[in-house]
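See below for the structure under consideration.
Just so it is clear, none of the values below were taken in a lab; they were calculated from the coordinates. Please read these numbers as outputs of a predicted model, since none were measured by experiment. Because the Cβ atoms are built from the backbone with ideal geometry, glycine has one as well, and the counts that use them run over all protein chains shown.
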Amino acid sequence: MSTVSELTEAIAKRRTFAIISHPDAGKTTLTEKLLLYGGAIHLAGAVKARADQRRATSDWMELEKQRGISITSTVLQFNYNGYCINLLDTPGHKDFSEDTYRTLVAADNAVMLIDAGKGLETQTRKLYEVCRLRNTPKEGKEDYLPIFTFINKMDRPTRPPLELLDEIERELGIIPYAMNYPIGTGEQFVGLYDRHSHTIHLFERRSRGAKQAEVKGISADDPQLLEMVDRNCYAQFQEEWELIVQLGARWDTSLLHTGKLTPVFFGSAMTNFGVELFLKSFLECARPPSGRESTAGVIPPDSPDFSAFVFKLQANMDPKHRDRIAFVRICSGKFTKDMTVTHGRTGKTIRLAYAQKLFGQDREAIETAYAGDVIGLNNPGIFAIGDTLYTGKKLQYRGIPSFSPEIFAYLHNPNPSKFKQFRKGVSELEEEGAIQIMYSTDESKREPILAAVGQLQFEVVQYRLLSEYGVETALDYLPYTVARWVVEGWEALDKVGRLFNLMVVKDRWGRPVLLFKNLWSLEQVQTDHPKLQLSAIAPFLEMEQK
């Protein structure tokens, strides 16, 4: 068992965060540049010439490389300035918001990335709402999600910086606090004023930033400054900064750590400008691992007993070995190789013989890990998303919900000789949460029903079944757009009797789900049967009580 001082020291060095953004805001580029400054990579993949472009470290799946978008969550661990950083890269596409939510549950902080030329975009707003699910006030609550903001692409045409700050406060209801501020924008962008050091960092325009940027800093009081920057740009900066100082918010760490204030950084990830300024400030201000709510109360990270939960499953990260990995967030205590833990959902005792440090697709064996770290465990088929692992006192962390899908289709396997591969592929993709899978209550219909938030999820499943399992498939779409779980189960549904204009199916746990063609059909059933409790979120799987 670890000493309190060892745990306290290790936890204080941990910073775990996820990046959220609208597609094309530069999330993958920012991720690569943070890895560059952390020394985890020496050349950023997103910045080389197209003819010889390295693929982004975080985008490991072949379909991600082909499409140039992130469609699966990835963990990247690296060190910087004495900190151990767990960066959770989230899918940027709206069809994978459920995967993003699961990742945010594992994070201690979030970084919201905004395109300076577009401001808040649709997916950014939606993902912020997902963050707010973590920040709902509750008595005794500790696991709030601090949100940092990086306004990207300042070297391109942008909206006025003051307008961007106002939009954050007006539309998201969170207080912006400018940590730095641009001098000029677009073609006239000449540098950033750093609030903490009262220093101006001058921008050297270069095509792309494959390596760390050389930053020239000069005191804001230096008389030579006006010879180095455009006078009109600097005068406008002074005027706007005076407004921010006089009318803007005052710094309050407690507001940051409860998700009510967001530090705002400006910069250009593609040219590396402002990235290191952001990283240093973020590490100083970000929340280290904190207590997590459980059935045994709030569990502090320095508790001597080990506890963790599974937030993601992934099959075939290494196609050569057909592996299955469980992504596990450690909440308390210390992991040691070969330790024995209790699997909360089943009550079984399991030995954690082989854990891995994750870095995109790459992995290496580890002997120890601490609260705040994310590790990979080989999954022989016993783990499910939301499972709790622990030593000592019995406990269960809050479950991770499944949200209501909006598109449904039967998945057919036209080739009977591929039945085993088809069944294995569907089972493993269902297990990892790549898509929800339901089944007809008519026993004569054995084909699985794919249930997705968006069309791209269907495409990913079919692509992966073909590339990873060698199975071609066909879809037969169903005319439903709304799903609701029956809260009290089959008994409550039987009491209602026959229902019309809907389809009754069962989820992977055998629970009843009603599929409606539209919201009007749902409202009609609720009006006719007011005692029938329906939920847009799947019921959590609770720990079996002994």
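Observations on the model:
- Two-site label geometry, Lys495 and Lys394: point separation in nm, points 7 Å out along Cα→Cβ: 2.8
- For Leu202 and Glu121, a Förster radius of 45 Å and the Cβ-Cβ distance give a FRET efficiency of 0.90, rounded to the nearest 0.05.
- Modelled spin labels at Ile350 and Arg508, positioned 7 Å past Cα toward Cβ, are 1.3 nm from each other.
- Helical content of the chain, expressed as a calculated mean residue ellipticity at 222 nm, amounts to -8000 deg cm²/dmol (DSSP H runs of 4 or more residues, -39,500 (n - 2.57) each, divided by residue number, nearest 500).
- Candidate aspartates and glutamates for bridging to Lys445, where Cα separation is under 20 Å - those fewer than 8 sequence places away on the same chain excluded: Glu430, Glu472, Asp476, Asp507
- Mean separation of Cα contacts under 8 Å, 6 or more apart, over the residue count of the range 293-390: relative contact order %: 34
- Given charges at Cβ of Lys, Arg, Asp, Glu: the chain dipole, positive-most of Ala286, Ile325, Thr29: Ile325
- Placing R0 at 25 angstrom, the Cβ-Cβ distance between Glu367 and Glu284 gives a FRET efficiency of 0.30 after rounding to 0.05.
- Note on the range 356-442: percent of Cα-Cα distances in each 5 Å bin, starting at 0 and stopping at the bin with the largest distance, equals 2, 9, 14, 18, 19, 14, 11, 7, 5, 1, 0.
- Cα gyration tensor category, rounded, prolate or oblate, for the range 434-488 with a/c compared to 1.5: prolate
- On Cα atoms only, tilt of 97-106 relative to the major axis of the chain in degrees: 70
- Three-way shape call for the range 293-390 based on the alpha-carbon gyration tensor, with the a/c threshold at 1.5: prolate
- Taking all Cα pairs closer than 8 Å and separated by 6 or more residues, the relative contact order of the chain comes to 13 percent.
- Alpha-carbon geometry of the chain: the Rg and the Dmax are 24.7, 83 Å, given in that order.
- Cα-based radius of gyration for the range 387-546, normalised by 2.2 N^0.38 Å, reads 1.14.
- Size of charge dipole - the range 407-535 - debye, nearest 20, with Cβ of Lys, Arg +1 and Asp, Glu -1, no other charges: 180
- Residues of the range 263-280 with amide N under 17 Å of the 7 Å Cα→Cβ point at Met228: 273-274, 277
- Relative exposure of Met339, Met503, judged by other C-beta atoms within 10 Å (fewest first): Met339, Met503
- Over 28 Å (Cα to Cα) - which of Lys312/Lys348; Lys337/Lys424; Lys312/Lys424; Lys337/Lys393 fall in this group: Lys337/Lys424
- Glu488 versus Ile537: modelled label distance in nm, points set 7 Å from Cα along the beta carbon direction: 2.2
- Euclidean distance between Cα centres, the range 385-414 to the range 143-158, Å: 31
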